Amino acid sequence: FVINEGPRVYINSINIAGNTRTVDKVIRREISLSEGDAYNKYAISYSEDSIKSLNFFSEVSINDRRTEFSDKINLDVTVEEKNTGEASLGAGYSSASKASIQLGLKESNFLGRGQKVNLSTSFSDTNTLYDISFTEPYFRGKPLSLTTSVYSSLTDSGSVNYETEDFGFATSLRFPLSSDKSLQTRYSIFTTKIKADA
């Protein structure tokens, strides 16, 4: 085999188009190359897969484009936005809680910043539950996923002469150990109040 090494090519600029809602930095932080880095086809393919895995876009493509300089190219990142919100409505019936209604709202790209918001609530004759959570996937600009959640539950069963009120708060921090492994720490605090029926 005779191998002749060609001239090294560098990234001149990275241009992003099609993101009508998502801010540029959400996409750029998934690109493993920066302006001035040497051209690397593997890194480009990996970056394209990382952007797709966000699940914010229906189409993602990264193409290289020659410039007037023989040793520099531009990277054109083109995306097509898709709906990232979800609403759910459910109803049920059981002998313990009678009729119940569940409502839920999820947004995985809140305000186009890549943040996740989840609101859920349920109502029944014996229980009322509220649960709200917020996730910042890049806390302080680093790949640290910070999640905070608050929940409140009020239970008043007809089989007992008291009602129970729960209130809780939890926060968790997840950081990567490798490309396919991560470690998560979690802290939670909650209170429970029991009140006799009048």
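Overview of results
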item	result
The chain - percent of accessible surface contributed by carbon and sulfur, probe 1.4 Å	54 percent
Accessible surface of residue 132 - all protein chains present, 1.4 Å probe, nearest 10 Å²	90 Å²
√(5λ) per eigenvalue of the Cα gyration tensor, the range 104-198, largest first, Å	34, 15, 9
Coil-residue trypsin sites (Lys or Arg not before Pro) of the range 156-190, DSSP, other Cβ within 10 Å capped at 11	181
Alpha-carbon centroid distance for the pair the range 2-23 / the range 80-151, whole angstrom	37 Å
GNM flexibility winner over the chain from 68, 81, 163 (Cα, springs under 10 Å)	68
Coil-residue trypsin sites (Lys or Arg not before Pro) of the range 57-105, DSSP, other Cβ within 10 Å capped at 12	82
Estimated D of the chain in µm² per second, where Rh is the Kirkwood radius over Cα pairs and Stokes-Einstein applies at 4 °C, 1.567 mPa s	62 µm²/s
Residue 148-residue 70 FRET efficiency (beta carbon distance; Förster radius 45 Å; 0.05 resolution)	0.30
Solvent exposure of the range 46-168 as accessible area per residue, Å², 1.4 Å probe	61 Å²
Loop chymotrypsin sites (Phe, Trp or Tyr not before Pro), the range 32-89 (other Cβ atoms within 10 Å of the site Cβ: 14 or fewer; DSSP)	69
Approximate spin-label separation residue 110-residue 21, in nm, with each point projected 7 Å along Cα-to-Cβ	1.5 nm
Residue 81 versus residue 59: modelled label distance in nm, points set 7 Å from Cα along the beta carbon direction	1.6 nm
On Cα atoms only, tilt of 41-53 relative to the major axis of the chain in degrees	20 degrees
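The values are calculated or read from the model by the stated rules, or taken from the named source; none is laboratory data. Given the structure is predicted, the values throughout are model-derived calculations rather than measurements. Glycine also receives a Cβ, built like all others from the backbone with ideal geometry; neighbour counts cover every protein chain displayed. Note: accessible area is taken over every heavy atom of the protein model, side chains too, but ligands, DNA and RNA are not part of it. Shrake-Rupley method; radii C 1.70, N 1.55, O 1.52, S 1.80 Å.
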